[in-house]
Amino acid sequence: MASSKASIDGNINVTDDIMDDAMDDYMSMTIPESPSNLTQFETSVQRRGRKRREAESRAHQASKAELAHQARLNRDEALNTSLPVSSKGYQMMARLGFKAGSALGKEGNQQARKEPLGVFVKEGRAGVGMDRERKRKFEDDTDRGEGIQKRQTEAVFRERQAREREQKRAEGLCWGAMRVLEEFESDDTTTDKDKADKGENAGSSTSKATTAINVLWRELVKDRDEKERLRRMRYDLQQTLSRSTAHDDPDEEKQDRQAWGTEEEEIEVQDPELDDFNRLEPAERLRRMVEYLRENWRYCFWCKFQYPDGRMEGCPGVTENEHG
Amino acid sequence: MADRRPDLEDGGRPVKRLRTEDSDPKTNPYLAHMYQDQPDDSGYNTGYSNGYGHGNGVKLKPEGRSASSTGFGKMPRHQTTADMARRAEDGPNNPFSGQPLSKKYLGILNTRRGLPVHAQRDEFLKMYQKSQILIFVGETGSGKTTQIPQFVLFDDQPHIQRKLVACTQPRRVAAMSVAQRVADEMDVKLGEEVGYNIRFEDVTGPKTILKYMTDGMLLREAMNDNDLKRYSTIILDEAHERTLATDTLMGLLKEVVQRRPDLKIVVMSATLDAQKFQSYFNDAPLLAVPGRTHPVEIFYTQAPERDYVEAALRTVLQIHATEPEGDILLFLTGEEEIEDACRKINLEVDEMIREVDAGPLKVYPLYGTLPPMQQQRIFDPAPTSRIPGGRPGRKCIVSTNIAETSLTIDGIVYVVDPGFSKQKVYNPRIRVESLLVSAISKASAQQRAGRAGRTRPGKCFRLYTEDAFKKELIETTYPEILRSNLSSTVLDLKKLGIDDLVHFDLMDPPAPETLMRALEELNYLACLDDDGELTALGQLASEFPLDPALAVMLISSPEFYCSNEILSLTALLSVPQIFVRPASARKRADEMKALFAHPDGDHLTMLNVYHAFKSPPAQENPKQWCHEHFLSLRALQSADNVRLQLKRIMESREVELVSTPFEDKKYYENIRRALVAGFFMQVAMKDAGSKTYVTIKDNQNVLLHPSTVLQTEGEWLVYNEFVLTTKNFVRTVTTVKAEWLLDIAPNYYDLSTFTKGPVKSALERAVQKIRRKDAQKSQYSKK
């Protein structure tokens, strides 16, 4: 407990590269490696154990079924990804007047395809209509109370995918906006009278209780604190050879772990305000942040420019669309 | 036209005399009664040119021709009628060759006149004469493929223009057999007035006026003659099949007709979507000839089938047990499935005959790779009842969708349709081109059902529900152009002088990504430059009737001192599978294959087979030798033929033919390097710690196809095909080295274009290795 507390208090210098790493992670939308690695309290023995397990998993020959599954996932993903406009082929076509999103052939041919035909591999000898029949039966069985679910058409699926992509993008933009916000709020050199009103937020945000930070970018601070805390914890562990409480026993009760001191201490126990905020759609969160930036800092997130006065002359509008 | 033949009037007279004399009853006994005058044979026997001598007539008024006139003297070009043509056909001498007509001819003539298209000959001629483009719809069996080109000949008279009439066919076999049939019908020798031209085989001569050819061949000709000036009329047959070449030709002809107002086009289709053709060809007139069909009753199943093959067998047996006389046609998807079904039906029928006294049932398989002799057997008559008055015998044909439109089998009364066929798919995103079992279209299902009504009212059993028919089946099958890799087509189009590939007016333009991929591939193969213009290599590659990758491999092979070997290999890769693996003798077949196996891969193994095949002991009795070694004689012979044709092209283009001495330890290495020169985009790398491979750039997990002989498990390999089944396979593989890839295809293996991952690191290691080697070398040389 003491050590984790210390890590928070001691976390004074947030190095830029750590922050950048965090940002890069989110912007690139990659899935972070197994979170257990980050949240586990690790001793040398544990580390040895982990290393051994990792080596084992590396040496583990994936079963044929696993491989086949992976191959199929890979294939489906590739099939759903259109070719990049960076390809030489695209450039040659562009020279002939092709525009992304249009079709080939005589202009005005509405029936011309824009997407390649899908690839469906039929498995087994089920007759025509059997797959749908099975699906229908399955849905009947599972959702008897709610009745038959509507068959998900391709269009619905595509729509959902597009929505998910959009959300992911908005999520990434949110992190960007939070970063901008924090920069403004924590940068003393830009202090003006607007800033004075919000003065309480200035300074190193990590040195005070996170709940005091504006909810708009509290997540960013919290996330960074968390990473830093874990980093320090691991660092401390490596330094402290005396700790011999290494346990990696899955049967171990929670209370035991707390008694051993290996149980994670929850720092931010409750933050209903942040939870509420995070429950909003990413687009909405983004909208609020953009608005905040405009009102308080005369900064347009889309123009990436801080205007000299409140009229913000030259900025086309509040939404991304207006910025083309 | 008239001025061309000063002897016209003289030529016209013997015709009349010909008709007035009755001196040749031996040749024309059936027509003897029609002659009013003594014919003068000499008028015709002077041959070809004299026969043509009558071709004129624009000046002659229709009322000027006498009832007994024949030949072309009284047949003004593009003003003829069915009546005139009929009289010319009646002889007594062949209006084209001038030879007396044979007995056989006259027999066939009667049959021909009973064909449905003959009823509308006048209507056809009127529309043909009026319009530059004509759409003709006639079902299979209406006689359109054999008759329409002849109708055209009598009206278009290409011999007078010194031009030809071309009739395209999607399939080689069809082009050959139809040409033979029409040569018989016209009473001429195949290869003279009527000929055919398919890839690697040209059976035409200076006299040829009607040429059946594959659509691909006409496209090739257009490359050297963009306006197709040799032809006065082009007939695109079986256009509904929408092959890649037919679609490309249609796009091209749409442009050519504007440049050549004298060229006539007839587009023939067997199916319903004729309106689509009409609107594509600027609302060209349409003529439909009803087929001679009977009503077909359609049955659906109550519920979807768990196993369509099993359901199909059950249905066939049930028909045999309960339905009256009539043959059965069952549609399945592929060779293996068909052979298996045939075996099972035979077993069951034997039992039925023993136990319930059923009639005899003969089962015949039918699929594209079946030897022609065996394909012919489907026309054998059905077996007769074993005892007089007993249960009727019948035949059952188990076929792929080749029996759907392209082959007509009379006597079929029952059709069993499980609703599947194997269809080619191509996806530019992972560059896979494969045959996959897919549900057929509604149009296909209708076509299949129609096969039951050829001789009398029939029945079609669809092994799916009516609901599934309505909701699961697409309207029409996707044309091939949407399901193919287009790199070959793009090269062709470039050669055809079409520069704006983006706006080229195709009936169904493919997805932009397909074109994108094709252009990119051709650019990496150095056939197109960065501006999309044909390079010298591209020009040369388009001379070969091969995929661009194969052509480039062949052209660059002299650099690797193995063009003789690569030539053989290219031929082997262009023909069907050379290895035979019958279900009854798989083990033995595998043992035989192992005799030829080369540890480095399948390409080299195929080459070993070819060399063994060409050796004196094998050539002593090739049939026996192939049989013993489980090899397909047909495939090897056709590879031999393809090789010869390609060799001629190489010689004419001065591509050197060289070999590395067999004793040289680099003999096989050189061949493997040459493979890389063409197939560097079809490379897979071994995945560390498992048996799988990953394709380069597309990062697809693939397995080696079980048929491979590869034993060394090299880290890198080139593959000929990426096939999809429930697993991803690469087929026909040979190991290569990363250094070769970097050396031979530096543009494609530009490391900056690779994403981080095992492939990139492996290539980086190879780069390091090359650098170290170079450094060592330079050190040595300094010392």
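The values are calculated or read from the model by the stated rules, or taken from the named source; none is laboratory data. Please read these numbers as outputs of a predicted model, since none were measured by experiment. Quick reminder, even Gly has a Cβ in these numbers, built from the backbone with ideal geometry, and neighbours come from all protein chains shown. Surface areas here come from the heavy atoms of the whole protein model, side chains and all, with no ligands, DNA or RNA. Shrake-Rupley method; radii C 1.70, N 1.55, O 1.52, S 1.80 Å.
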Output row B,A: buried area (accessible, probe 1.4 Å, summed both chains) in Å², nearest hundred, equals 5200
If unit charges are put on Cβ atoms (+1 for Lys and Arg, -1 for Asp and Glu) and the dipole of region B:460-573 is taken about its Cα centre, the option from B:Tyr524, B:Tyr464, B:Leu486 lying farthest towards the positive end turns out to be B:Tyr464
Once you have all Cα-Cα distances for region B:118-226, histogram them in 5 Å bins from zero and send the whole-percent values. 2, 12, 21, 25, 21, 14, 4, 0
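Only four residue types carry charge here, +1 at the Cβ of Lys and Arg and -1 at the Cβ of Asp and Glu. Report the dipole size of region B:638-783 about the Cα centre in Debye, rounded to the nearest 20.
Numbers: 24 positive and 17 negative charges, 113 e Å.
Here region B:638-783 has a charge dipole of around 540 debye.
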Per-residue HN-Hα couplings for region B:545-552, Karplus 6.51 cos²θ - 1.76 cosθ + 1.60 at θ = phi - 60°, whole Hz, x for Gly and Pro? x, 9, 4, x, 4, 5, 4, 5
Heavy atoms of B:Arg454: accessible area, 1.4 Å probe, square angstrom to 10: 40
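Quick one: pull the percent of accessible area on chain B belonging to carbon and sulfur, 1.4 Å probe, ligands and nucleic acids left out. Intermediate values should be presented prior to the final figure.
On the way: 16400 of 32570 Å².
Carbon and sulfur: 50 percent of the exposed surface of chain B.
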Given a 1.4 Å probe, the accessible area of chain B per residue, as a whole number of Å², is 42
Net dipole in debye of region B:154-252 [+1 Lys, Arg Cβ; -1 Asp, Glu Cβ; about Cα centre; nearest 20]: 260
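In peptide B:515-525, how many Cβ atoms from other protein chains are near each Cβ within 10 Å, on average? Let's see the in-between values first.
Working: counts 7, 12, 5, 1, 8, 7, 2, 3, 5, 2, 0.
Partner-chain Cβ atoms within 10 Å, mean over residues of B:515-525: 5.
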Average beta carbon contacts from partner chains per residue of B:685-692, 10 Å cutoff: 3
In cubic angstrom per residue, the convex hull of region B:581-630 built on its Cα atoms measures 71
Pop a pseudo-label 7 angstrom from the Cα along the beta-carbon direction at both A:His69 and B:Leu657 and give the gap in nm to one decimal. 5.6
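What is the extension gain from A:Asp236 to A:Asp275, computed as 0.36 nm multiplied by their sequence separation minus the C-alpha to C-alpha distance, in nm to one decimal? Spell out each step's value before the answer.
Details: separation 39, 0.36 × 39 = 14.04 nm, distance 3.08 nm.
Gain on stretching A:Asp236 to A:Asp275: 11.0 nm.
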With every protein chain in place, what's the accessible area of B:Trp716 (1.4 Å probe, Å², nearest 10)? 10
Using only Cα positions of region B:694-777, each an equal point scatterer, no hydration layer, compute I(q)/I(0) via Debye at q = 0.27 Å⁻¹ and quote the log10 values to two decimals. -1.38
Ranked highest first by the average count of other Cβ atoms within 10 Å around their residues, in what order do B:202-211, B:553-562, A:313-322 fall? B:553-562, B:202-211, A:313-322
Students often check this: by mean Cβ neighbours within 10 Å, which of B:602-612, A:104-114 ranks highest, and how do the rest follow? B:602-612, A:104-114
Check cross-link reach from B:Lys756 to the lysines: straight Cα distance under 18 Å, and skip same-chain residues fewer than eight apart. B:Lys686, B:Lys697
Sorted on mean Cβ neighbours within 10 Å (highest first), peptides B:703-709, B:523-529 come out as B:523-529, B:703-709
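Could you tell me the convex hull volume per residue, in Å³, taken over the Cα atoms of region B:231-303? Don't skip to the answer; put the middle values down first.
Values: hull volume 9.5 nm³, N = 73.
Looking at region B:231-303, the number lands at 131 Å³ per residue.
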For A:Met312 the rounded accessible area (nearest 10 Å², probe 1.4 Å, non-protein molecules ignored) is 10
Determine the percent antiparallel among the DSSP beta bridges restricted to chain B, to the nearest 5. 40
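Helix-derived [θ] at 222 nm for chain B: sum -39500 (n - 2.57) over DSSP H runs of at least 4, divide by residue count, nearest 500? Working shown, then result.
Details: 31 runs with 329 residues, N = 783.
Counting only the DSSP helices, I get -12500 deg cm²/dmol.
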How large is ³J(HN,Hα) for each residue in region B:163-174, as worked out from phi by the Karplus curve 6.51 cos²θ - 1.76 cosθ + 1.60 (θ = phi - 60°), to whole Hz, x for Gly and Pro? 10, 10, 9, 10, 10, 8, 10, x, 10, 4, 4, 4
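Do you know the relative contact order of chain B, to the nearest whole percent, from alpha carbon pairs under 8 angstrom that are 6+ apart?
Working: 1394 pairs, mean separation 62.9, N = 783.
The normalised contact order for chain B reaches 8 percent.
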Shielding of A:107-118 by other chains, given as the mean Cβ count within 10 Å, works out to 5
Phi angles of region B:597-603, converted by Karplus (6.51 cos²θ - 1.76 cosθ + 1.60, θ = phi - 60°) into ³J(HN,Hα) in whole Hz with x for Gly and Pro, give 4, 10, x, 8, x, 6, 4
